[in-house]
Each structure stands twice: as structure tokens, then as C-alpha cells.
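*Asks:* One structure, as C-alpha cells, below. Some questions next.
Nothing in this text is a laboratory measurement; each read-out follows from the coordinates by a stated rule. The shown structure was predicted, so the numbers you read here are calculated from the model rather than taken from an experiment. Cβ sites come from the backbone with ideal geometry, for glycine too, and all protein chains shown count toward neighbours.
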Amino acid sequence: IVDVSSMEECRGFCENNIKCVSIVFIQDFERCVLKDKDHGDPEPRTGSEALTMKCWEEKKGRNGDEQENEKPGKDEEEQHKEKEMSHRKEGKEKADNEQEDTCVMKDTDLQGGSIRRIVDVSSMEECRGFCENNIKCVSIVFIQDVERCVLKDKDHGDPEPRTGSKALIMECWEEKNTQNGKTQENENPGKNEDKEHKEKEMPHRKEGKEKTDNWL
């Protein structure tokens, strides 16, 4: 993958690819290479950085355990949050599927405006994830048969018929995502106090996560 500005962005592409187990990032060329389990042993190469995702995930997990040990007596609260997160995740997945039905244009292509072509992409959701990680991306075209994802900028043309292709305008998906979020809030009254409490917690958690990522 080209035009990748940082190791963190490269790692994000790997996290969105089920086959990816490690990455190589070449800063001078802004290139990110995703590797599967068949990659070889590490070899010296000037200007390249390599990362095994298993190592990163294990260290991230250990840091999470340390943070839990620093905050004893939170088991009940954590269980409550885990249940709430599970319900939210289920609701989000349901909302995503509903949005795809209305926002995804089947057997459709968008001519021009291509900024990146990515292969070995297994789903529309994975393709959309690549677009969300690219500031120039405003729409995508996913071709299931060849597992190809094409990211498009604002210069793409109007939708045109093409068998086997699916097109998605990100603005449509984001608008419906916002609408579904408001609907869920209306369906769960009396949560304002809990929401305010979580908003206060988020800055502290974000600071801790940034420290962890920088250390890794």
C-alpha cells in the first residue's frame, strides 16, 4: 500500500485485514507492506521498520492488565460496561447492515477519482475501513470476485452500471450512522447522567492509550 504516512496507519491497515499477521513500513517511500503467516525471518534492511502484530497485541494486553490491577474494586462496574458495550456492538452491527442495504449501490461503478487500489479485501466492510483511514477518500468501489477495493476522492464521476461491483458514498453511510445513533439515544432515555460520566472518563483513558501506543 502506498501513500502511508506512519507506522500507526500501516498497522491500522493490517488490523483491517484478516490475513495480516505482520507489517513492514518504509518511511522514505511511504509504503506499507502487509504480511501473512508465510513471511520469513527478520533480515536487516536500512530504512524499514517491521512489526509482528502478535507482539504488539500481547504488549497491549499486558498494559491493559496492569491498568486493571491499578484500579481494584471495579469488577462490577467493568462487567456492567462490558454488557453495555456488547449491546451497543450488536446494535451497531445491525445498523451497519441496514445502512448498507440503502447506501450500497449494487452492480455500480464510479469512474475516475481513484486514489488507491487494494487487493485481498474480503468484504465491503473491510473496504470501507480502508476509506475511513484515508483523509482523501469520499467513496469506494468493491469488486467481490477479485477481492479488490478502490478508494475514490471527490473527483470521481457519476455512478455507472457495472456487473459485480458495489459502490458506496461515505457521506451517505455517515449520515445514516448519525441518524441511527440519534434513534438509539431516543430509545434509551435516562442515560444522560451515565453519558456525562463516561465523557469525563474518556480524556483520561485517551491519555493512557496514547502513552501505551507510544511505548509500543
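For (1) more than 15 Å from residue 120 (Cα to Cα); (2) in contact with a helix residue (DSSP H, G or I) (Cβ under 9 Å, 6 or more places away or on another chain), each residue gets a yes or a no:
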| residue | (1), (2) |
| --- | --- |
| 1 | no, yes |
| 7 | yes, yes |
| 18 | no, yes |
| 26 | yes, no |
| 33 | no, yes |
| 42 | yes, no |
| 50 | yes, no |
| 56 | yes, yes |
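*Asks:* Additional query: Filter the stretch 1-46 down to the residues that are more than 16 Å from residue 133 (Cα to Cα), in contact with an Asp or Glu (Cβ under 8 Å, 6 or more places away or on another chain) and assigned to a helix (DSSP H, G or I) and list them by number.
*Replies:* Hit for the stretch 1-46 is 27, nothing else.
*Asks:* Collect the residues in the stretch 106-132 that are within 18 Å of residue 8 (Cα to Cα) and surrounded by fewer than 17 Cβ atoms within 10 Å (Cβ to Cβ), keeping them in residue-number order.
*Replies:* Answer for the stretch 106-132, where residues must be within 18 Å of residue 8 (Cα to Cα) and surrounded by fewer than 17 Cβ atoms within 10 Å (Cβ to Cβ): just 132.
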